[in-house]
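To start, the structure itself, in structure tokens.
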């Protein structure tokens with residue numbers, strides 16, 4: 001793949017902040033990738049944290065439990081289109 005997919009699991013505010021720090025560092029290092037973030041339950045994430053996360057995160061799924069098929073289909077399409 002020209003741009004790999006980096007998949008992030010986000011269960012809480014703390015992990016969301018950690019993922020943001022990682023993404024900003026990848027940006028600083030000029031690493032090209034597609035980000036996919038899967039929240040355990042996005043509604044539990046602090047609004048301020050989530051707003052900042054939205055500035056840097058690409059594809060996001062608000063909940064693992066409600067989006068399993070969407071996530072599977074999305075990743076399948078991304079991999080298929082990369083080849």
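Just so it is clear, none of the values below were taken in a lab; they were calculated from the coordinates. Everything quoted here is computed from the prediction, not taken from an experiment.
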Original post:
At what distance in angstrom do the alpha carbon centres of region 36-67 and region 14-29 lie from each other?
Top reply: 14
Subject >> Potential lengthening between residue 51 and residue 69 on full extension [0.36 nm per residue; Cα-Cα distance subtracted] >> reply: 3.9 nm
**OP:** List the relative contact order of the chain as a percent without decimals, with contacts defined as Cα pairs under 8 Å and 6+ residues apart.
**Re:** 34
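So for the chain: antiparallel DSSP bridges make up what percent, rounded to the nearest 5?
0
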Subject >> Rg to Rh quotient for the chain, alpha carbon positions, Kirkwood Rh >> reply: 0.97
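Roughly speaking, what is the stretch gain from residue 62 to residue 33, that is 0.36 nm per residue apart minus the C-alpha to C-alpha distance, in nm to one decimal?
The span from residue 62 to residue 33 would gain 8.4 nm if fully extended.
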